[in-house]
Every structure is written in C-alpha cells, then in structure tokens.
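The values are calculated or read from the model by the stated rules, or taken from the named source; none is laboratory data. What you see is a predicted model; the values in this text were computed from it and never measured. Cβ: placed from backbone, ideal geometry, glycine included. Neighbour counts: every protein chain shown. Note: areas computed on protein heavy atoms with side chains; ligands, DNA, RNA excluded. Shrake-Rupley method; radii C 1.70, N 1.55, O 1.52, S 1.80 Å.
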Amino acid sequence: MSCLGNILWLIFGGLFAGLGYILGGLILCLTIIGIPFGIQSIKLGVAIFCPFGKEVVELEDANSPLRLIFNAIWIIFFGWEIALAHLVSAGLCAITIIGIPFAWQHLKLIILSLLPFGRDLRDVERY
C-alpha cells in the first residue's frame, strides 16, 4: 500500500516539492555558512519523494546544544514557512476522503520541516 501511496504522492506534487527542497538546498550550499542548512534541505527533499511507510525518528543526540542552535536558526529563517505550507496542504488534502492519507503525510512532514537537525525519516519497522 505504501508503494501505491508514494507513486500517487509523486504524481500529485511530491516530485515538484522534493525538487524544490533540493534546489533550495543546493543554493544554500553556495555559501559556507549555508552548508549545514543546505544539507538538511536536501535531506528533506529526498525524504519528501516517498513519505509513505516511513516515520519521523529522533536521533539520540537530537537535543545537543549545536543542533538546538541550528534548529532555532532554521525555524526563524526557513522552517516556519515550510511548516505553514505543509499545514495548508494538509488542510486542503483533508477536505476529501481520498486526500486524508496525503494530509497525514503532510502533518508528519511538519515535524521534520520545523526541526530537521537531529531528526530523520526512516522506514517503519514491521513486526
């Protein structure tokens, strides 16, 4: 089921959103100061290509002082706009019954778009 969801996600906007993140990350990597933020943006772009079947995982050192500082800078300059875009997209997707799974994916990506340092999108372990 996650394969079908990922295919539909890519067709209906996920491909362009992921490419936008990657392009923004490459632009950020042009400056030395922007490299850590560009890498996180590229990571988000790759994660957005196929969010179905994955979950947001907090790494063991997610709350280290450096990552907290980077997350604060990220939220101020980039994160809140990206999170707001995902929130609006989730609201639009949730209008229809068919769009509810896509709305859940947007809500999951809000966490990752607000606090990308110390968090990752990984496959769900099935038991």
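For the range 73-88, filtered to residues that are open to solvent by 50 Å² or more (accessible area, probe 1.4 Å) and of a type in the set (A, V, I, L, M), the residue that is modelled with the lowest pLDDT is Ala85.
Could you check the range 1-11 and list, in sequence order, the residues that are surrounded by fewer than 18 Cβ atoms within 10 Å (Cβ to Cβ), modelled with pLDDT of 85 or more and out of contact with any helix residue (DSSP H, G or I) (no Cβ under 7 Å at 6 or more places or on another chain)? Selection gives Cys3, Leu4, Ile7, Leu8, Ile11.
The set of residues from the range 94-127 being of a type in the set (A, V, I, L, M, F, W, C), outside any helix (DSSP H, G or I) and either surrounded by 15 or more Cβ atoms within 10 Å (Cβ to Cβ) or in contact (Cβ under 8 Å) with a residue 24 or more places away in the chain (or both) comprises Ala94, Leu115, Phe117, Leu121, Val124. Would you confirm whether any residue within the range 43-55 is in a strand (DSSP E or B), out of contact with any Cys (no Cβ under 8 Å at 6 or more places or on another chain) and not β-branched (Val, Ile, Thr)? Yes, there is a match, as at least one residue in the range 43-55 is in a strand (DSSP E or B), out of contact with any Cys (no Cβ under 8 Å at 6 or more places or on another chain) and not β-branched (Val, Ile, Thr). Among the numbered conditions (1) surrounded by 12 or more Cβ atoms within 10 Å (Cβ to Cβ); (2) in contact (Cβ under 8 Å) with a residue 60 or more places away in the chain, the only one that Gly91 does not meet is (2).
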